Each structure stands twice: as C-alpha cells, then as structure tokens.
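Engineer: Submitted below is the structure of interest, expressed as structure tokens.
Read-outs throughout are calculated quantities, based only on the coordinates presented, and are distinct from any laboratory measurement. Remember, predicted model here, so these are calculated numbers, not experimental data. Because the Cβ atoms are built from the backbone with ideal geometry, glycine has one as well, and the counts that use them run over all protein chains shown.
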C-alpha cells in the first residue's frame with residue numbers, strides 16, 4: 001500500500017525537503033502551500049527530479065482552505081497516512097516579553113498553534129482511515145520550558161516570547177493528542193529538526209534543509225513499533 005502524506009508549508013525550506021525525501025521513499029506527497037502558484041512551482045521542481053507531488057492550497061489562517069484541502073484529499077485518496085505540520089512563521093516585531101509586540105505574538109500564535117490545530121482536526125478523520133497514521137509536529141528546542149529556563153543552554157538568550165510560546169503550545173498539542181489517540185493506530189510526535197538554514201532563520205543556521213528534514217522524515221515513516229508523545233531533536237529527546 002502506497003502511503004499518502006500531507007506536508008504543510010511545503011513549497012520551500014525544510015517543508016520542500018521533507019516532501020522530496022518522502023517522495024523518494026515512495027510516498028505519495030500532497031504538497032501544501034499557502035500560495036497556489038508557489039505550490040505548483042515546487043511540485044514542478046520535484047517533477048524535474050523525477051518525483052511526483054500534488055500541490056494543494058492550504059493556508060493555516062484560512063479555515064475554509066483547510067476544509068477544502070481535507071475534502072480534496074478525501075476525494076482523491078480516501079485517507080491520509082502521514083501529516084507533517086511544518087508551516088510556521090516568525091515576526092520581526094517579536095522579542096523579549098518586556099518589549100515584543102502583542103500583535104506579533106498573536107499573529108505567530110494564530111499560525112503556528114491555532115492554524116496547526118485546525119489542520120490537525122480537519123485531517124484526523126482521514127488519518128483514522130489509515131492502518132498506521134503518523135502526525136509529525138515541527139517544533140523547536142525554543143519551545144522547551146526546560147531549555148528556556150536553563151542558563152547553560154545555547155538557546156537561553158533566544159527570548160522570542162511569541163515564537164517560543166507558539167512552539168510550547170504546539171508541544172502541548174502533541175502531548176494531549178498522543179494521549180487522546182493512545183488506543184488508535186495514530187501516533188503523534190514533536191520533532192525539532194535543528195538549527196537549519198532557511199528563510200525562517202534568516203539562513204543563519206548550521207544545518208542544510210536536507211539535513212534538517214531527515215529527522216521529521218524518520219518520524220513520518222515510523223513502523224509498527226512507533227513511539228508516540230515524544231519531543232525529539234537530532235541529539236536525542238528534548239525536555240518539555
């Protein structure tokens with residue numbers, strides 16, 4: 001059986017690379033993008049490498065687009081086996097709690113957490129039709145309360161209240177959803193890909209998108225002995 005995967009924010013960066021690696025593994029990839037034209041361009045880029053990906057418009061801030069995407073996937077494939085919640089934003093007006101724009105924090109939270117929650121809820125009926133559903137939430141070490149409170153951590157000084165809080169909230173989604181689905185065939189994990197050179201990081205990371213995609217892809221393809229409710233990064237488990 002060929003698995004069906006939806007990756008949000010898949011027209012560039014880590015999302016596109018996750019799509020590429022899943023397609024190389026024989027998965028049928030549905031390439032989610034907020035901008036339909038960019039999604040089409042990304043699918044054509046993969047096609048040039050001999051890989052097939054179906055573009056689909058899905059905007060985390062447009063719940064009608066989310067519902068329409070779920071309906072399209074249901075009509076085309078009847079189910080979903082893998083959901084990679086990759087789409088996310090940063091905001092130039094984010095910063096320390098004393099000075100960050102509350103509106104920036106709201107924008108980040110609306111996309112990174114509320115939007116991801118909406119996508120997950122819309123896709124759950126399709127994932128329930130899979131013999132082995134996999135949900136991968138693209139998190140960050142910056143979403144760890146333990147890391148944020150550890151003066152010895154290299155991330156201790158990265159005080160971005162909106163972004164960090166959005167990833168902490170995303171981790172809460174992972175924990176609660178994994179518990180809710182513990183008696184089903186669906187597993188849910190938070191995966192921090194590492195510090196990757198992408199538009200989101202201003203290309204200041206030390207990993208390539210190809211390297212950053214490897215761990216999310218590994219968790220998307222977990223077999224029968226799959227773990228659920230974990231928060232992992234390339235070096236191992238991350239404290240919540």
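Engineer: I need two numbers for the range 126-166: Rg to one decimal and Dmax as a whole number, Cα atoms only, in Å.
Structural biologist: When restricted to the Cα atoms of the range 126-166, Rg and Dmax are 15.3, 45 Å.
Engineer: Let me check I have the definition right: for the range 102-149, take the eigenvalues of the Cα gyration tensor, multiply each by 5, take square roots. What are those semi-axes in whole Å, largest first? Don't jump to the answer; show the numbers that get you there.
Structural biologist: Working: eigenvalues 141, 53, 6 Å².
With the √(5λ) rule applied to the range 102-149, the semi-axes are 27, 16, 6 Å.
Engineer: If the viscosity is 1.306 mPa s and the temperature 10 °C, what translational diffusion coefficient in µm²/s does Stokes-Einstein give for the chain when Rh comes from Kirkwood over Cα pairs? Could the numbers behind the result be given before it?
Structural biologist: Details: Rh = 17.7 Å.
Stokes-Einstein gives a translational diffusion coefficient of 90 µm²/s.
Engineer: For the chain, what is the calculated [θ] at 222 nm in deg cm²/dmol (nearest 500), taking -39500 (n - 2.57) for each run of four or more DSSP H residues and dividing by its residue count? Walk me through the intermediate numbers first.
Structural biologist: Details: 8 runs with 96 residues, N = 240.
One gets -12500 deg cm²/dmol as the mean residue ellipticity at 222 nm.
Engineer: Taking the Cα atoms only, what angle lies between the long axis of helix 161-180 and the longest principal axis of the chain, rounded to 10 degrees?
Structural biologist: Roughly 50 degrees, rounded to the nearest 10.
Engineer: Binning every alpha carbon pair distance of the range 38-134 at 5 Å from zero, what are the percents per bin?
Structural biologist: 2, 12, 17, 18, 17, 14, 9, 6, 3, 1, 0
Engineer: Give me the mean projected area, in nm² to one decimal, of the convex hull enclosing the Cα positions of the range 51-101. It would help to have the intermediate numbers written out before the result.
Structural biologist: Numbers: hull surface 22.7 nm².
Approximately 5.7 nm², given one-decimal rounding.
Engineer: Nearest 10 degrees, 0 to 90: what angle lies between the long axis of helix 209-220 and the longest principal axis of the chain (Cα atoms)?
Structural biologist: With rounding to tens, the tilt is 70 degrees.
Engineer: With all distinct Cα pairs included, what does the Kirkwood hydrodynamic radius of the range 80-160 come out to in Å, to one decimal, could you say? Intermediate values should be presented prior to the final figure.
Structural biologist: Details: mean 1/r = 0.0687 Å⁻¹.
Result for the range 80-160 stands at 14.6 Å.
Engineer: Could you work out the relative contact order of the range 88-173, using alpha carbon pairs under 8 angstrom and six or more residues apart, expressed as a whole percent? All intermediate terms of the calculation are to be shown ahead of the outcome.
Structural biologist: Details: 95 pairs, mean separation 35.4, N = 86.
Taking the mean separation of contacting Cα pairs over the length of the range 88-173, I get 41 percent.
Engineer: A further question follows. Find the relative contact order for the chain and round it to a whole percent, using C-alpha pairs within less than 8 Å whose residues are 6+ positions apart. Numbers along the way, then the final one.
Structural biologist: Numbers: 499 pairs, mean separation 45.6, N = 240.
Here the relative contact order equals 19 percent.
Engineer: For 135, 114, what's the fewest-to-most ordering of other Cβ within 10 Å of each Cβ? Could you put the intermediate results ahead of the total?
Structural biologist: Details: 135 26, 114 16.
In increasing order of surrounding Cβ atoms, one gets 114, 135.
Engineer: Sort 25-38, 80-93, 60-73, 222-235 for me by packing, meaning the mean count of neighbouring Cβ atoms within 10 Å per residue, highest on top. List each step's numbers first, then the result.
Structural biologist: Numbers: 25-38: 19.8, 80-93: 22.9, 60-73: 17.1, 222-235: 14.1.
By packing density, highest mean first, the sequence is 80-93, 25-38, 60-73, 222-235.
Engineer: Give the order of 124, 16 when sorted by the count of other beta carbons within 10 angstrom, beginning with the fewest.
Structural biologist: Values: 124 19, 16 25.
Ascending number of Cβ neighbours within 10 Å: 124, 16.
Engineer: Report, in degrees rounded to the nearest 10, the 0 to 90 angle that the Cα long axis of helix 13-24 makes with the longest principal axis of the chain.
Structural biologist: 30 degrees
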